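Everything below concerns the one structure shown next.
The values are calculated or read from the model by the stated rules, or taken from the named source; none is laboratory data. Keep in mind the model is a prediction, meaning the values are calculated, not measured. FYI the Cβ positions are ideal-geometry reconstructions off the backbone, even for glycines, and counts take in every protein chain you see. To get the accessible areas, we keep the full protein, side chains included, count just its heavy atoms, and leave off ligands, DNA and RNA. Shrake-Rupley method; radii C 1.70, N 1.55, O 1.52, S 1.80 Å.
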Amino acid sequence: MPETPDPMAAMFPKLGDAQIERLMPFGQQGDVEAGAVIVNQGDSHHGIFVVLKGSIEVRNVSAGDGPVIRVLGRGEFTGEVNVLSGRRTLVRIQAREAGTLLEINRANLRRIMQTDVALGEIFLNAFISRRVYLIANSVGDAVLIGSSHSSDTMRLREFLTRNGHPHHYLDIETDSTVYAILEQFGISVTDIPVLICRGDQALRNPSNAEAAACFGLNDEIDQGEVCDLIVVGGGPSGLAAAVYGASEGLTVQVLERNAPGGQAGASSRIENYLGFPLGISGQELASRAFIQAEKFGARIAIARSATALKSTRSPYTVELDDGKLVRGRSIIMAAGGRYRRLDLPNLAQFEGVGIYYGATRVEAEFCREEEIAVVGGGNSAGQAAMFLSGIAKHVFLLVRGPCLAKTMSQYLISRIEASPQITLMTWTRIEELDGTKDLERVRWRNTKTGADGVLEIRHVFVMTGADPNTEWLQGRVELDANGFIKTGADVSNGWPLRRTPYLLETSLPGVFAVGDIRAGSVKRVASAVGEGSMAVQFVHKVLAE
Ligand SMILES: Cc1cc2nc3c(=O)[nH]c(=O)nc-3n(C[C@H](O)[C@H](O)[C@H](O)COP(=O)(O)OP(=O)(O)OC[C@H]3O[C@@H](n4cnc5c(N)ncnc54)[C@H](O)[C@@H]3O)c2cc1C
């Protein structure tokens with residue numbers, strides 16, 4: 001295995017004179033006075049600055065004038081992943097002494113990253129490791145005040161974490177500093193969760209869209225523009241379509257309802273995706289793909305849902321949950337599936353405060369030294385049971401069938417069988433959830449023996465598959481009996497053209513479906529990625545017609 005690189009070297013590489021020379025044609029030189037603010041926290045759409053003479057400092061201003069993170073001298077440069085998407089800056093950059101800087105705007109930065117592989121790699125590595133640093137040290141413009149007994153707190157934590165947005169989390173049960181902050185903003189503890197945005201705005205239980213707006217996660221969508229490709233869904237298949245589409249010169253607008261990564265983003269470790277022998281967390285896979293898509297110029301709108309397909313021929317119009325319209329000459333439907341829920345009357349009461357559909361670090365935190373349950377017999381349940389068995393005191397794995405063999409990969413079955421931390425309960429269903437505010441216990445029954453019992457547990461992870469996110473497409477494209485989108489040779493009704501539908505093409509010419517949302521798809525990350533990238537070649541064909 002390669003040597004572990006020095007993280008500071010990757011984070012703050014120093015460009016040599018020859019490299020600076022190569023950058024000169026892409027930038028504008030400018031002098032700065034000592035003390036001049038070059039970029040302030042909250043600024044957006046600016047480029048990067050390479051120091052030619054003098055020095056500049058990067059300061060953490062999360063809570064007023066904080067520590068200097070780094071002083072940049074000749075050959076060093078500013079910027080992190082935010083520069084690619086034009087999102088707001090999380091730190092302040094100021095001239096430490098008078099000097100000269102080379103400013104490279106975003107369009108030219110993207111040109112360098114696409115044409116100069118060596119420099120592109122230096123920039124991208126630095127941007128990614130700086131973002132990891134900001135997240136790990138909660139350097140930024142977000143403070144979330146909440147409680148582990150609040151499902152909305154859980155929603156916002158998941159949203160910020162899965163969007164890689166650095167934030168401080170303060171829990172009213174454990175952080176005494178909370179009350180002073182709440183008082184400062186004239187907010188009562190009953191208003192939680194409260195999101196303090198850039199130190200001056202306090203949002204009371206904001207929706208994900210409101211949080212996204214406050215942090216400037218999205219560029220304004222140009223409703224007048226007709227892009228080449230609209231991608232609905234930022235899961236593995238949608239991100240793959242965005243990377244291939246944008247890297248092949250198409251103008252691409254991705255719409256993502258929640259956070260990049262989709263279902264895969266909720267996986268603690270994906271071990272069967274090619275090229276990652278040690279496995280990779282869904283979150284890491286998603287953030288890499290997100291940055292890759294942005295590097296090629298794809299625009300990704302976060303916390304934006306497609307709610308209606310307003311036309312049946314190209315250029316297509318998609319309506320969003322805020323009433324805005326996006327227009328595109330072709331569409332790739334990559335909206336995947338939504339978690340299947342247990343059919344229990346009081347389920348909603350405990351969602352986020354006892355019932356979870358993903359097993360990432362955020363949820364795992366609550367399970368330390370506790371007995372918990374995982375429901376489901378597929379890979380996602382197996383992975384969750386293995387991951388959580390490393391944190392929880394004990395894991396009960398509940399499956400309705402006789403065994404795991406039919407639905408789970410063998411590597412997971414072997415590990416589960418070998419683990420003393422996991423008890424497999426076959427033929428078992430949850431009959432009832434019990435608890436005043438949070439979940440306190442579950443009643444189960446064995447459908448074979450009739451035996452029943454109670455598990456005194458506070459956390460249950462439900463991994464029982466997904467239903468297609470096609471409710472908003474009713475009547476617009478042909479669906480199968482289970483609501484999945486028919487494509488290619490399966491299309492039978494209403495095809496308007498003389499040619500037959502391309503592979504992955506729906507009953508609307510130029511509209512494709514990929515990944516879990518497609519009828520007959522394999523429901524795996526690799527196939528979703530494969531289909532997303534493959535669909536782009538058919539988009540080129542349609543755009544050429
Ligand atoms: C916990 C878990 C673990 C898993 N582990 C593995 C594994 O180890 N290996 C493996 O191969 N597979 C695994 N899978 C399966 C894999 O994650 C899926 O097959 C894959 O994510 C499907 O990708 P997709 O892009 O088609 O859809 P999804 O991942 O479902 O993504 C769809 C995206 O579309 C968004 N969306 C939905 N509706 C709208 C709308 N109207 N507007 C805008 N956006 C919308 C969603 O928010 C979501 O982000 C796992 C699944 C889960 C749940």
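Taking the protein heavy atoms of region 9-135 in the context of the full set of protein chains, the accessible area attributed to carbon and sulfur is 50 percent at 1.4 Å. Sparse packing (at most 16 other Cβ atoms within 10 Å of the Cβ) combined with a DSSP loop state is found for the following GluC sites (Glu not before Pro) in region 205-285: GLU220, GLU225, GLU248, GLU271. Share of pairwise Cα-Cα distances greater than 20 Å in region 9-135 is 38 percent (whole percent). Taking GluC sites (Glu not before Pro) across region 126-196, the ones in a DSSP loop with at most 12 further Cβ atoms lying within 10 angstrom of their Cβ are GLU173.
Rolling a 1.4 Å probe across all protein chains gives LYS448 an accessible area of roughly 140 Å².
Highest first, please rank the peptides 412-423, 503-514 by the mean number of other Cβ atoms sitting within 10 Å of their residues. Please report the intermediate quantities before stating the final value.
Working: 412-423: 14.6, 503-514: 25.8.
In descending order of packing, they fall as 503-514, 412-423.
Kirkwood-type hydrodynamic radius, the chain: 25.1 Å, calculated from all non-identical alpha-carbon pairs. Here's the list of lysines a cross-link from LYS486 could span, going by alpha-carbon distance under 23 Å and ignoring same-chain residues fewer than 8 apart: LYS310, LYS523, LYS541. Taken per residue, the accessible surface of region 147-285 reaches 40 Å², heavy atoms only and a 1.4 Å probe.
Pick out, in residue order, every one of the GluC sites (Glu not before Pro) in region 89-140 that is DSSP loop and has at most 16 other C-beta atoms within 10 Å; say none if there are none. Please list the in-between numbers first.
Details: sites: GLU97, GLU103, GLU121; in loops: none.
Filter output for region 89-140: empty list.
By the rule of a second cysteine Cβ within less than 4.7 angstrom, the chain holds isolated cysteines at CYS227, CYS367, CYS403.
The distance linking region 355-393 with region 461-488 is 27 Å (Cα centroid to Cα centroid, whole angstrom).
Dimensions of region 153-247 based on its C-alpha atoms, expressed as ranges along the principal axes with the largest first, amount to 51, 28, 18 Å.
Bridgeable lysines around LYS53 (alpha carbons under 25 Å apart, same-chain partners fewer than 8 residues away excluded): LYS14.
As a ratio to 2.2 N^0.38 Å, the alpha-carbon radius of gyration for region 347-462 is 0.99. Based on C-alpha pairs under 8 angstrom that are at least 6 apart in sequence, the chain has a relative contact order of 11 percent. If we count every other residue with Cβ under 11 angstrom of GLU431's Cβ, Lys/Arg +1 and Asp/Glu -1, where does the sum land? Net of charged neighbours comes to -1.
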